[in-house]
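> Right, I'll just put the structure down here and ask away after.
The values are calculated or read from the model by the stated rules, or taken from the named source; none is laboratory data. Everything quoted here is computed from the prediction, not taken from an experiment. Every residue, glycine among them, receives a Cβ derived from its backbone with ideal geometry; neighbour counts consider all protein chains shown. The area values use the complete protein model at the heavy-atom level, side chains included, leaving out ligands, DNA and RNA. Shrake-Rupley method; radii C 1.70, N 1.55, O 1.52, S 1.80 Å.
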Amino acid sequence: MLLSIVVPCYNEESAIPLFYAETSRVLEDYAKKGEDLEGEFIFVDDGSIDATAAVLKDLAVRDRRIHYLVFSRNFGKEAALLAGLRESRGEAVLILDADLQHPPSLIPLLIPAVRSGEFDCAGTKRTRKGDAPFRTFCSRLFYRLMAKLTDIQMVDGAGDFRLMSRRYVEALLSLNERGRFSKGFYPWIGFKTIWFEYENVERAAGKTKWSFWKLFQYSLDGMIAFSSKPLAIASVLGILLFFISIGIIIWIILYRLLTLNSPNPWTPDGWASTACIVLFCSGIQLFTTGILGQYLAKTYTEVKQRPHYVIQEKG
Ligand code: UDP
Ligand code: MG
């Protein structure tokens, strides 16, 4: 069986040699047990500014199983994954991070589940050990929100580290949208998935490319890509405000009729309540226009049909 290993790399010059040594060792040990397994590596250099491309070329000279793509600039991990998956030829495809945070030692555990044909995906979940409590809290909140807003069930802690059958990969590739949110794609395409859990590990070398803000943006993208419910907020708020205003109008009319002959206490200081109402309503209007804008922006990106990435070099 040919196993394609897709590895997105962004500034991973120090991690790649460690990654390659470790993964090759695991594959060799597995093959030594008499298992029929051939591996190919597809490294995607996502526009690194360090020597990642040079390291990859050097490895490719020494090992025929290594293929690489070099992007013309940084297009993001999702684009790198897409390019790697498109390039893969194996009957089974594995996605691995270059930083060894996805332990290659799990590979022999994943293979039988997919090879037997019983499952189309052997997925892994990481524990949140070692994560900052605030980050864990935000992730949990996000998963809960996604479950409420969308029809898909995302698995907490499940990432891109997964072994997939060929037809699973083809299904993934058939999702051609530009705003790519793989975490949502996996449950969306379906198929039977078996889960393995592993302890969270520290990066082998280099540092993470995710800032809190980038993660927040990514979560928003995910929500917008998989749910149109936020759009309904505008109509719900509108209807709510409409009924409230009818109540207030009735109250004002009654108040005027009942106090017709007495001095009107509203006239001198009515500006305060008016200002509150104007501010409140315009705030809600801006908020809902903002939501509309988010969807419009995504639609704009999609209709332009730009390629997901530009390849500068291939080997
Ligand atoms: N990565 C990438 N392009 C990017 C950012 C990250 O290809 O713009 C790769 C990175 O080299 C690594 C994987 O995606 O192999 C996961 O990134 P990272 O380790 O920074 O994320 P974390 O593990 O902290 O979620
Ligand atoms: Mg990592």
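> Which residues, counting only those in the stretch 29-46, are within 18 Å of ASP63 (Cα to Cα), touching a strand residue (DSSP E or B) at 6+ places or on another chain (Cβ under 9 Å) and among the acidic types (Asp, Glu)?
GLU38, GLU40, ASP45
> Go through (1) assigned to a loop (DSSP other than H, G, I, E, B); (2) farther than 27 Å from ASN176 by Cβ; (3) within 16 Å of ligand 2 (Cβ to nearest atom); (4) out of contact with any Phe, Trp or Tyr (no Cβ under 6 Å at 6 or more places or on another chain) for LEU100 and report which single condition fails.
Single failed check for LEU100: (4).
> Can you tell me which residue in the stretch 145-174 is surrounded by the most Cβ atoms within 10 Å (Cβ to Cβ), limited to those that are touching an Asp or Glu at 6+ places or on another chain (Cβ under 9 Å) and at pLDDT 90 or above?
Per the criteria, the residue is MET164.
> List every residue pair whose Cβ atoms sit under 6 Å apart, with the two residues 6 or more apart in sequence or on different chains, where the first one lies in the stretch 107-128 and is more than 20 Å from MET154 (Cβ to Cβ) and the second, anywhere, is open to solvent by less than 40 Å² (accessible area, probe 1.4 Å) and among the polar types (S, T, N, Q).
Qualifying pairs under 6 Å: VAL114/SER165.
> Going through the stretch 4-22 one residue at a time, which ones are modelled with pLDDT under 95, more than 15 Å from ligand 2 (Cβ to nearest atom) and surrounded by 23 or more Cβ atoms within 10 Å (Cβ to Cβ)?
Scanning the stretch 4-22 gives no hits.
> Could you go through the stretch 215-225 and let me know if any residue there is in contact (Cβ under 8 Å) with a residue 60 or more places away in the chain, more than 16 Å from ligand 1 (Cβ to nearest atom) and open to solvent by 50 Å² or more (accessible area, probe 1.4 Å).
Yes; the residues of the stretch 215-225 include at least one that is in contact (Cβ under 8 Å) with a residue 60 or more places away in the chain, more than 16 Å from ligand 1 (Cβ to nearest atom) and open to solvent by 50 Å² or more (accessible area, probe 1.4 Å).
> Here is a follow-up. Taking PHE137 as the residue in question, decide whether it is open to solvent by 20 Å² or more (accessible area, probe 1.4 Å) and in contact (Cβ under 8 Å) with a residue 60 or more places away in the chain. Break it down into steps so the answer makes sense when it comes.
Details: open to solvent by 20 Å² or more (accessible area, probe 1.4 Å): yes; in contact (Cβ under 8 Å) with a residue 60 or more places away in the chain: no.
No; evaluated as a whole, the condition is false for this residue.
> Now, a different point. Could you tell me whether LEU69 is open to solvent by less than 10 Å² (accessible area, probe 1.4 Å) and outside any helix (DSSP H, G or I)?
Spelling it out, LEU69 is indeed open to solvent by less than 10 Å² (accessible area, probe 1.4 Å) and outside any helix (DSSP H, G or I).
> To continue, here is another question. Identify, by number, the condition in (1) within 12 Å of ligand 1 (Cβ to nearest atom); (2) under 23 Å from ALA83 (Cα atoms); (3) open to solvent by 60 Å² or more (accessible area, probe 1.4 Å) that PHE191 doesn't meet.
(1)
> Of the residues GLY39, GLY90, GLY34, which is part of a strand (DSSP E or B), over 19 Å from SER14 (Cα atoms) and away from ligand 1 (no atom under 16 Å from the Cβ)?
Working: GLY90 fails: part of a strand (DSSP E or B); GLY34 fails: part of a strand (DSSP E or B).
Going through GLY39, GLY90, GLY34 in turn, the sole match is GLY39.
> I would also like to ask the following. Take the residues of the stretch 198-214 that are surrounded by 11 or more Cβ atoms within 10 Å (Cβ to Cβ) and farther than 23 Å from ASN74 by Cα: which is farthest from ligand 2 (Cβ to nearest atom)?
By that ranking, first place goes to TYR198.
> Something else about it: For the stretch 77-89, which residues satisfy the criterion of being closer than 20 Å to MET1 by Cβ and surrounded by 22 or more Cβ atoms within 10 Å (Cβ to Cβ)?
Of everything in the stretch 77-89, those that are closer than 20 Å to MET1 by Cβ and surrounded by 22 or more Cβ atoms within 10 Å (Cβ to Cβ) turn out to be GLY84, SER88.
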